[in-house]
Amino acid sequence: MSTVRSIAKKAGVSITTVSRVLNNHPRVSNEVRERVLAAANESRYVPSVGRKSTTNIAFMYTGELTLGSPFDAALMRGMALGMEEYSYDLMVLDARRARLPKETFSQMFMRKGIKGVVLRTTQDTLSIGDTIANEGFPCVMVGARSDNPNTSYIYSDSRSSSLEAIEYLIGLGHQRIAICLNVVDDSDHVDRYEAYKTALEINNIDFDPKLVLRAPARRDGGEQLIKRIMTMPQRPTAVFITDPMTTIGALSQARRMNVDIPKDLSVVGFDDSESRYTVFPEVTSVCQDAIKIGRDAFTVLHDRIESSNSEKTINESIHAALTSWFEIHESTCAVTEMNT
């Protein structure tokens, strides 16, 4: 097990210097600070203060907190299933307020007794995940990808299933197909948008930017979406909604407005769990197993944490893509079956 003394020896500095670095003391040069943190990260050092837990795994948001989303709930459930076999506790962090002034992420994690972190990022906050990976701290991104070779990530590749979904709608005779994206971009939503555009292109359907709609990934976002669609001068006959909670809100609002799904509007949704079965009509959906993403993310972290105990360091990053799939249910129909 690593100690302040062993870190000092590895970094070639005094024990006092190691203590200053780990406690974010200002009187340490950047070069020495980086050397000490690298040694601490390599040995997976976590300080022990009183009764503070040193067995925490963090689920950290680098941007907006979305704890209420089915995706995040399923991710944490998957992590918890993996953690059942070991003596780890789960901690939820907000990267925007967890650190002290001038504190590195590694210092913050060490201070909080965290041994590994699962990162929930967006397109705008990928750099935070890259910074943590570059510091050498055990971490893995979920639901996003990075070009940084040091960053590990696990996601579900929804591009091919999204392409299949749009082509299915086209096969039913739909030409005016809208897509609803979250107001905050991440790699997953970018994939679904690119698949939408590709499907239109290969089927010789002109891309119409007016059919690219944005709504918050919440129930009320879906409510706003249906209200907007039903007041459009040239309404789409079908829509691909790329978030589960937006899908649920859209179908609920449609019933309140007496919009017949699918005869007035065919809907393809997205599902992280089994929410497609909890609404009426059951939703034709692109599906992914977010529980497995969470469990696999914990496995990646656990392997790295355990490698330090066996003095076998794992340096290669993990880039893993799970498979999504497309399911046909009752929320879509052919254009000939729709109301005129």
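A few comments on the model shown:
- Breaking point among (1) part of a loop (DSSP other than H, G, I, E, B); (2) in contact with a Pro (Cβ under 8 Å, 6 or more places away or on another chain); (3) not assigned by TED's automatic domain parsing to the domain that holds N182, for L301: (1)
- Listed by position, the helices (runs of 4 or more DSSP H) inside segment 157-245 whose residues that are closer than 16 Å to C287 by Cα and at pLDDT 95 or above number at least 2 are 159-171, 187-202.
- Within this structure, V36 fails the test of being at pLDDT 80 or above, aliphatic (A, V, I, L, M), touching a helix residue (DSSP H, G or I) at 6+ places or on another chain (Cβ under 7 Å) and surrounded by fewer than 21 Cβ atoms within 10 Å (Cβ to Cβ).
- Selected residue (only one of H319, H329 is under 18 Å from the mean Cα position of the chain (by Cα) and either under 22 Å from I179 (Cβ atoms) or not small (G, A, S) (or both)): H319
- Residue in segment 213-220 that is under 22 Å from E337 (Cα atoms) and not assigned by TED's automatic domain parsing to the domain that holds D303 present: no
- Top-ranked residue of segment 254-263 - restricted to ones that are in a helix (DSSP H, G or I) and closer than 17 Å to T332 by Cα, ranked as farthest from the chain's Cα centre (by Cα): R255
- Total residues in segment 60-92, condition buried (at least 21 other Cβ atoms within 10 Å of the Cβ) and assigned to a strand (DSSP E or B): 2
- Residue check, D147 at pLDDT below 95, within 15 Å of S285 (Cα to Cα) and surrounded by fewer than 24 Cβ atoms within 10 Å (Cβ to Cβ): no
- Residues being over 23 Å from E31 (Cβ atoms) and either surrounded by 24 or more Cβ atoms within 10 Å (Cβ to Cβ) or in contact with a Phe, Trp or Tyr (Cβ under 7 Å, 6 or more places away or on another chain) (or both) - total across segment 111-141: 11
- Any hit, segment 101-116, residues being at pLDDT 85 or above and in contact with a Cys (Cβ under 8 Å, 6 or more places away or on another chain): yes
- Among the residues making up segment 143-156, those that are assigned to a strand (DSSP E or B) and either hydroxyl-bearing (S, T, Y) or in contact with a Gly (Cβ under 7 Å, 6 or more places away or on another chain) (or both) are Y153, Y155, S156.
- Restricting the first member to segment 150-176 and to residues that are at positive phi, and the second to residues that are of a type outside the set (D, E) and not in a loop (DSSP other than H, G, I, E, B), the beta-carbon pairs closer than 6 Å and six or more apart or on different chains are G173/V335.
- Test for V283: is it surrounded by 14 or more Cβ atoms within 10 Å (Cβ to Cβ), in contact with a helix residue (DSSP H, G or I) (Cβ under 6 Å, 6 or more places away or on another chain) and not basic (K, R): yes
- Failed condition for E194, given (1) farther than 19 Å from T121 by Cα; (2) among the charged types (D, E, K, R); (3) surrounded by 21 or more Cβ atoms within 10 Å (Cβ to Cβ): (3)
- Just one of (1) crowded, with 23+ Cβ neighbours inside 10 Å; (2) in contact with a Cys (Cβ under 9 Å, 6 or more places away or on another chain) fails for K263. It is (1).
The values are calculated or read from the model by the stated rules, or taken from the named source; none is laboratory data. No experiment lies behind these values; they were computed from the predicted model shown. Backbone-built Cβ (ideal geometry, glycine too); neighbour counts: all protein chains shown.
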